[in-house]
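Take a look at the structure below.
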Amino acid sequence: MWKWFHQLASPPHFYRIAPVFSTWLLLPGLALIAYGAYAGLFLAPADYQQGDAFRIIYVHVPAAYLSMMAYMIMAVAGGIGLIWRMKLAHSVAASAAPLGAWFTFLALATGSIWGRPMWGTWWEWADPRMMSELILLFFYFGYMALRSAIDDTAKADKASAVLALVGVVNVIIVHYSVQWWSSLHQGRTIMAEGGPAMDPAMLRPLLAMIFGFTLVFGSLLLRRTRTEVLHRERRTRWVRDLILAPEGNS
Amino acid sequence: MSAPQRDVPGMLDSLFAVARRDLLLAWKRPGDVLNPLFFFAMVCTLFPLAVGPSAEQLTFSGPGVLWVAALLAMLIALNSLFLSDFDDGSLEQLLVSPQPLPLLAIGKTAAHWLTSGLPLVLVSPIVAITYRMPGSVVVVLMLTLTLGTMSLSLLGSIGAALTVGLHRGTALLSLLILPLSMPVLIIGANTVSLAAGNETYSAGVWALAAYAVGALSLAPFATAAALRISNE
């Protein structure tokens, strides 16, 4: 087990095995998304209140879930890199940030499009979840800005890891303070409280989409990390050997 | 292999020494202390000009405007927290000192709060009165600003430590600190609004106090780690 772990942490080894894992995550992920999209758009019955508009949930919920998941991965990877000085972990954190920011944006965009027919507005300041998600997006921006502002990669890794860890504590506080704030504003009760439990025909595609998105996310993360590793190790011997090696022998 | 015994000052002594030095420096350069205050007053002047000077408009937006202005003024003051020490090399002396770095970070942050947060708290009643805030609400405003600016100084010290060696620091610092400071702003401004509306506001004050205590316990460690990273 430990040997495997150490091997994984070695950049050349990771570079070799990442495509295999990436493909094995991608294929089932795409299959699940294909099933989820078909079943969600055509098989699932229309909602009795929201009509067909509810179907955007099949993108919205996985995106929102992954936006937080990616942040946790980023922070945990940063922490691992900071504590055990594992270089690969920093590469993972660096690769997770743009993906997470993108899913956060996707969650906000789909939520906004959903909000237009449902609440009659593109943006609802009083909704705590929208606010937390927006602030999460700002966190991603700050993280990426800090990373790109520091030229020295090793320093950028550590500094951004500290920021990500501080952010984790704060994301939780932001979540609760925004909730408190919106309860003050006595906004309309959005998404009718105690709404109907989901019909299995609606739920199954949703679960498929969530798992499918997660698998594809994992696959993309591996691919991005692999590129990041290659870029960081561009001056090392094994990369030179890799590039100079004859075709089909790598 | 025992090192020769030196007279190492006690931990609290060193904390006070760091704080006293920064206060002295601020005293010699009063512009650094005054500029954020002028900025605060000016931002508070902009809002009635832009939104309209009617009395109900002012009482309605007053708490929020004052809080946002105070937050921005704190950000402006933050930039100088470690900068001059970084430039003249005394920051490295702090790093190699035998005292725990988080403690010294508290000393620097405390001096920073005394020269940026506390003056804001003291000036805020003057601005608040022009916004037609009644006396009882002004007290709540000062109380929340006291606790809030403490948290902002502590949070800001993390950001200032992370960006200290960077040349394009100011915009980046705002980008890092503003999302972190949103809970403070939300709770602070709304507590004052509640007080202005004659509702119970104590929960907000306690929440701010809890945030300040939490920041005081955790932020110095992050600041110290960030300082070490920035000075590698």
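The values are calculated or read from the model by the stated rules, or taken from the named source; none is laboratory data. As the structure is a prediction and not an experimental result, all values here were calculated from the model. Please note: Cβ atoms are built from the backbone with ideal geometry, for glycine as well, and neighbour counts cover all protein chains shown.
B:Asn198 falls short on exactly one of the conditions (1) at pLDDT 85 or above; (2) on the phi > 0 side of the Ramachandran plot, and that condition is (1). One residue stands out among those in the range A:138-154 that are more than 7 Å from chain B (Cβ to nearest Cβ) and either outside any helix (DSSP H, G or I) or in contact with a Ser or Thr (Cβ under 8 Å, 6 or more places away or on another chain) (or both): the one that is nearest to A:His90 (Cα to Cα), which is A:Arg147. Being crowded, with 20+ Cβ neighbours inside 10 Å, on the phi < 0 side of the Ramachandran plot and part of a helix (DSSP H, G or I) is a property that A:Ala53 lacks.
Total residues in the range A:137-156 satisfying the condition of being of a type in the set (Phe, Trp, Tyr), farther than 14 Å from A:Gly78 by Cβ and out of contact with any Pro (no Cβ under 6 Å at 6 or more places or on another chain): the figure is 1. Within the option set B:Gly165, B:Gly148, being farther than 21 Å from B:Ala19 by Cβ, buried (at least 19 other Cβ atoms within 10 Å of the Cβ) and not aliphatic (A, V, I, L, M) holds for one residue only, B:Gly165. Taken together, A:Ser112, A:Ser91, A:Ser10 contain a single residue that is of a type in the set (Ser, Thr, Tyr) and touching a helix residue (DSSP H, G or I) at 6+ places or on another chain (Cβ under 6 Å), which is A:Ser91. With respect to being more than 8 Å from chain B (Cβ to nearest Cβ) and in a helix (DSSP H, G or I), A:Ser177 falls outside the description. Inside the range B:51-147, counting only helices (runs of 4 or more DSSP H) that do not spill past its ends, which hold 3 or more residues that are under 25 Å from B:Ile187 (Cβ atoms) and either touching a strand residue (DSSP E or B) at 6+ places or on another chain (Cβ under 7 Å) or modelled with pLDDT of 90 or more (or both)? Those helices (runs of 4 or more DSSP H) span B:55-78, B:101-130. Of all residues in the range B:48-72, exactly one satisfies the criterion of being touching a Lys or Arg at 6+ places or on another chain (Cβ under 7 Å), aliphatic (A, V, I, L, M) and surrounded by 13 or more Cβ atoms within 10 Å (Cβ to Cβ), namely B:Leu58.
In the set A:Phe103, A:Phe42, A:Phe21, only one residue is more than 16 Å from A:Thr225 (Cα to Cα) and surrounded by fewer than 20 Cβ atoms within 10 Å (Cβ to Cβ); that residue is A:Phe42.
In a residue-by-residue description of the range B:70-84, the property of being out of contact with any Phe, Trp or Tyr (no Cβ under 7 Å at 6 or more places or on another chain) and among the β-branched types (Val, Ile, Thr) applies to no position.
Considering every residue within the range A:46-57, establish whether at least one is under 19 Å from the mean Cα position of the chain (by Cα) and farther than 30 Å from A:Arg232 by Cα. Within the range A:46-57 (the criterion being under 19 Å from the mean Cα position of the chain (by Cα) and farther than 30 Å from A:Arg232 by Cα), the answer is yes, since at least one residue qualifies. Screening B:Glu199 against (1) more than 10 Å from chain A (Cβ to nearest Cβ); (2) surrounded by fewer than 17 Cβ atoms within 10 Å (Cβ to Cβ) leaves a single unmet condition, (1).
On inspection, B:Leu49 fails the criterion of being of a type outside the set (Gly, Ala, Ser) and in contact (Cβ under 8 Å) with a residue 12 or more places away in the chain.
Screening B:Ser217 with (1) touching a residue at least 40 places away in the same chain (Cβ under 8 Å); (2) assigned to a helix (DSSP H, G or I) gives one miss only, at (1).
For the range B:157-177, the set of residues classified as assigned to a helix (DSSP H, G or I) and either closer than 25 Å to B:Val139 by Cβ or at the interface with chain A (Cβ under 7 Å from one of its Cβ atoms) (or both) consists of B:Ile158, B:Leu162, B:Leu172, B:Leu175, B:Leu176, listed by residue number.
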